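**Student:** Pasting in a structure now, in structure tokens, and then I'll have a few things to ask.
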Amino acid sequence: MRWCRFETEDGPSFGLIEADTIVQVDGSPFSEFKRMRKKRPLKEAKLLAPVDNPAFYVIGRNYIGHVEGRARAGAPMPPAPWAWWRSASAIASTDSDIIIPADCPDDVEYECEPIAVIGKGGKNFTRREAQDAIFGYTIGNDVTAMSWARSDPGPWRSKNCDTWKPVGPWIETDLDVEAAVCTVLYNGVEQVRWHINNWIYHPVDVLITISRYMTLCPGDILMLGAEGMSPFVQHNDVVEATISGLGTLRNRFVREQPRAQTG
Amino acid sequence: MRWCRFEHKNASSFGIIEDDKIIPVAGSPFGSYERLKTRVSLARAKLLAPVDKPIFYATSRNYRKNLQDSIGRSNRIFAMAEPWAGYRAASAITGPDADVVIPSDCPDDVYFQGEIVVVIGKKARHLTHDGARDAIFGYTIGNDVTCDTWATTDTRSWRGKNVDTWKPLGPWIETELDVDKAMCRVRYNGQELVGWNINQWYFSPADVLVAITRYITVNPGDILMMGTEGVRSPYVKHGDQVEVEVSGLGTLRNRFVKSVDWY
């Protein structure tokens, strides 16, 4: 099944994508839902991120090319599955602009990643429970400002500026994970392509580790790491991440103009 | 006004505290609400954390003795020239009088930090100092429980501060706190460890909110921990009790329990 979230006259709604039509749904795939009679063409819908205020976990450095790239810059390889957070306030949708604040240094990178979406919550998962907990997959982009990441005590503006976490375009519940390939285009030119299951830590291993200490809830998401390295983006650059079966997450970078200071 | 959240008819509800009674409301202080006709005894109510799934900001190194103590313990800690914020997980929030549960595999060096917590009342971006003061809804009390080993040796801070139940909040939100008169006192098994005037911060709530909203939109119900004072607390043992009292905000009381899960 393909789940999305989109704008309606009455606010955001979840929907099921069937062929090129969205069937509006009352409720959510993470609790109860009912199909409604309302339909609209997928092409005409304003898609939002397909999740609503999730706990937003991430495992960094989970694909070997990216690990090697970061290692050359001095970052060590973490020894065991571990997890980190991003702020739900930074989530944006496909086709939205990623806004770089005026005072951000010129070293913003993209990191296009597969995302596992959790459908069953719990604590202290066994392996089978962690497998059953995965509802489906979508695509994300972990935009990062590198000098802020080094200078700040922890990730806030370096990873969580408004609009810096695009997620979407939809969640696919029946992804063939063994066959799925992620391709990243930067201004139309392919940068990297990899099998998403070439991870160092499988999402099931990461969920088992997270659930050891934190209760997971339906609708929570886990970003699974990026492959390759990104250049520093410029105003008007476009990045597109496509994963077979998950569509394309497409966003443009926009550099904000300095604001006049008042007060 | 005093706002709380409590268990009511098998669900949670916001309520207004007047003398020794809670007036349940339909809705929330962060949106629209309507007082209901029933009254609940405050003494008999099961209070929950007074916020619901907030974005949870936290600053630290914000009071003199605590900063000096932290610098003395680690060469990774330094004074901040500018206000900043990190995050805590909403999944770690627990309420007044709830147990703080230490996982069975956690090293024996868990400590606590009593803190004042700002509750935000407006959706805002690019706040000025005056605007930031207006954006504050009220204050409550928090405890930033931390495992020293995990916080310092994990590649990034995740379980070190965000294990389930490690962020007690409450007992209520006071909208009319006089921050220039309010004192915070922390007691450990009945003995006072430290007391301080909460306004002795390096960076005020307005300073931190101006910094956060330079990059990130805050929303009603979001919260900001302001840091703790004093040298580090002792490492806790099973059965220890910690009380954080702030004049006008009540006392946040929690007991530490070491889990005996077999794995």
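Just so you know, all these numbers are worked out from the coordinates, no wet-lab data involved. Note that this is a predicted model, so its numbers are computed, not measured. Don't worry about glycine lacking a Cβ; one is built from the backbone with ideal geometry, like all the others, and counts go over all protein chains shown.
**Student:** Please figure out what share of the DSSP beta bridges in the protein assembly as shown is antiparallel and state it in percent, rounded to the nearest 5.
**Tutor:** Of all bridge pairs located within the protein assembly as shown, approximately 85 percent are antiparallel.
**Student:** Here is a further query. Net charge within 12 Å of B:Gly86 by Cβ-Cβ distance, Lys/Arg positive one each and Asp/Glu negative one each, not counting B:Gly86 itself?
**Tutor:** Neighbour charge sum, excluding B:Gly86 itself: +4.
**Student:** Can you find, among B:Ile17, B:Leu42, B:Ser28, the residue farthest towards the positive end of the dipole of the range B:1-47? Put +1 on the C-beta of Lys and Arg, -1 on that of Asp and Glu.
**Tutor:** The residue sitting farthest along the positive end of the dipole is B:Leu42.
**Student:** Only Lys, Arg, Asp and Glu count, each charged at its Cβ (+1, +1, -1, -1), so figure out the dipole size of the protein assembly as shown about its Cα centre, rounded to 20 debye.
**Tutor:** For the protein assembly as shown, the charge dipole is close to 680 debye.
**Student:** Size of the dipole of the range B:81-235 about the Cα centre, Lys and Arg at +1 and Asp and Glu at -1 on the beta carbon, nothing else charged, in debye to 20?
**Tutor:** 440
**Student:** Residue-wise, which Karplus ³J(HN,Hα) couplings in Hz belong to the range B:83-97, taking 6.51 cos²θ - 1.76 cosθ + 1.60, θ = phi - 60°, and x for glycine or proline?
**Tutor:** Values per residue, Gly and Pro as x: x, 7, 8, x, 10, 10, 7, 4, 5, 8, 5, 9, x, x, 6 Hz.
**Student:** To the nearest 20 debye, what charge dipole does the range B:1-47 have about its Cα centre, counting +1 at the Cβ of each Lys and Arg and -1 at the Cβ of each Asp and Glu?
**Tutor:** In debye, rounded to 20, the range B:1-47 gives about 120.
**Student:** Also: Considering only DSSP states other than H, G, I, E and B, which GluC sites (Glu not before Pro) in the range A:1-70 qualify as loop sites with at most 16 other Cβ atoms within 10 Å?
**Tutor:** Passing both the DSSP loop test and the Cβ count: A:Glu9, A:Glu32.
**Student:** Now, a different point. Work out the FRET efficiency for A:Ser31 and B:Met1 from their Cβ-Cβ distance, taking R0 = 35 Å, and round it to the nearest 0.05.
**Tutor:** Computed FRET efficiency for A:Ser31 and B:Met1: 0.60.
**Student:** Moving on to the next point. Mind checking A:50-57 for the average number of partner chain beta-carbons within 10 Å of each residue's beta-carbon?
**Tutor:** Per residue, the number of nearby Cβ atoms from other chains is 1 on average.
**Student:** Enumerate the amide H contacts of A:Val167 below 5 Å, restricted to partners 5 or more residues apart or on another chain; note that Pro and chain-start residues carry no placed amide H.
**Tutor:** Correct list: A:Ala92, A:Ser93, A:Thr94.
**Student:** Between the range B:91-108 and the range B:198-263, how many Å separate their Cα centres?
**Tutor:** Using only Cα atoms to place each centre, the spacing works out to 14 Å.
**Student:** With a Cα-only, solvent-free Debye model of chain B, what are the log10 I(q)/I(0) values at q = 0.12, 0.17 Å⁻¹?
**Tutor:** Once normalised to I(0) and log-transformed, intensities are -0.70, -1.41.
**Student:** Here is a further query. Gap in Å between the Cα centre of the range A:94-163 and the Cα centre of the range B:26-61?
**Tutor:** Result: 29 Å between the Cα centres.
**Student:** Over chain A, calculate the relative contact order: mean separation of alpha carbon pairs under 8 Å at least 6 apart, over the residue count, as a percent.
**Tutor:** Rounded, it is 26 percent for chain A.
**Student:** Under the definition of partner shielding as Cβ atoms of other protein chains within 10 Å of a residue Cβ, what is the mean value for peptide B:210-220?
**Tutor:** For peptide B:210-220, the averaged partner shielding equals 4.
**Student:** Related question: Restricting to DSSP loop positions (anything but H, G, I, E, B) with no more than 14 other Cβ atoms inside 10 Å of their own Cβ, which trypsin sites (Lys or Arg not before Pro) remain in the range A:1-87?
**Tutor:** Answer in residue order: A:Lys46.
**Student:** May I pose another question? Please compute the length gained on full extension between B:Lys123 and B:Glu18, using 0.36 nm multiplied by the number of residues separating them and subtracting their Cα-Cα distance.
**Tutor:** Once the chain is fully extended between B:Lys123 and B:Glu18, it gains 35.1 nm.
**Student:** Between rounded, prolate and oblate, where does the range B:79-223 land on the alpha carbon gyration tensor, with a ≥ b ≥ c its root eigenvalues, rounded for a/c under 1.5, else prolate if a/b exceeds b/c?
**Tutor:** Prolate.
**Student:** Determine, from the Cβ-Cβ distance of B:Arg64 and B:Thr152 and an R0 of 22 Å, the FRET efficiency 1/(1 + (r/R0)^6), rounded to the nearest 0.05.
**Tutor:** 0.50
**Student:** Another question, if that's okay. Quick one: what do you get for the protein assembly as shown if you divide its Cα Rg by 2.2 N^0.38 Å?
**Tutor:** With N residues counted in the protein assembly as shown, Rg over 2.2 N^0.38 Å equals 0.97.
**Student:** Using Cα pairs closer than 8 Å and at least 6 residues apart in sequence, work out the relative contact order for chain B, in percent.
**Tutor:** 27
**Student:** Which value in nm describes the separation of the simple spin-label points at B:Val257 and A:Ala102, placed 7 Å from the Cα toward the beta carbon?
**Tutor:** Result: 5.3 nm between the two label points.
**Student:** Cα-Cα over 21 Å: which of A:Lys165/B:Lys123; A:Lys46/A:Lys159; A:Lys39/A:Lys165?
**Tutor:** Going by Cα-Cα distance, A:Lys46/A:Lys159; A:Lys39/A:Lys165 fall outside the 21 Å limit.
**Student:** Moving on to the next point. From the helices alone, meaning DSSP H stretches of at least four residues, give me the mean residue ellipticity at 222 nm for chain B, per-run term -39500 (n - 2.57), in deg cm²/dmol to the nearest 500.
**Tutor:** -3500 deg cm²/dmol
**Student:** For the range B:148-215, what does the relative contact order come out to in percent, with C-alpha contacts under 8 Å and a separation of six or more?
**Tutor:** 17
**Student:** Hey, another quick one. Based on the alpha-carbon gyration tensor of the range B:158-229 and its eigenvalue square roots a ≥ b ≥ c, which shape applies: rounded if a/c is under 1.5, prolate if not and a/b is larger than b/c, or oblate?
**Tutor:** It comes out oblate by the Cα gyration axes.
**Student:** Could you tell me what percent of the DSSP beta bridges with both partners in the range B:49-258 are antiparallel, to the nearest 5?
**Tutor:** The antiparallel proportion sits near 80 percent.
**Student:** Just to be sure I understand the model, the point goes 7 Å from the Cα along the line to the Cβ. What's the resulting A:Ala71 to A:Glu9 distance in nm?
**Tutor:** Calculated label separation equals 5.8 nm.
**Student:** With a ≥ b ≥ c the root eigenvalues of the C-alpha gyration tensor of the range A:173-263, is it rounded (a/c under 1.5), prolate (a/b larger than b/c) or oblate?
**Tutor:** oblate
**Student:** Please work out the FRET efficiency for the pair B:Ser104 and B:Arg73, using the Cβ-Cβ distance as r and a Förster radius of 30 Å; give the result to the nearest 0.05.
**Tutor:** For R0 = 30 Å, the calculated efficiency reads 0.70.
**Student:** Here's another thing I want to ask about it. So what's the back-of-envelope 222 nm ellipticity for chain A, counting only DSSP H runs of four-plus at -39500 (n - 2.57) apiece and dividing by all residues, rounded to 500?
**Tutor:** My calculation for chain A gives -3500 deg cm²/dmol from helical runs alone.
**Student:** Any idea which of A:Ile196, B:Leu127, A:Pro169 is furthest toward the positive side of the dipole for the protein assembly as shown, if Lys and Arg beta-carbons carry +1 and Asp and Glu beta-carbons -1?
**Tutor:** Of the listed residues, the answer is B:Leu127.
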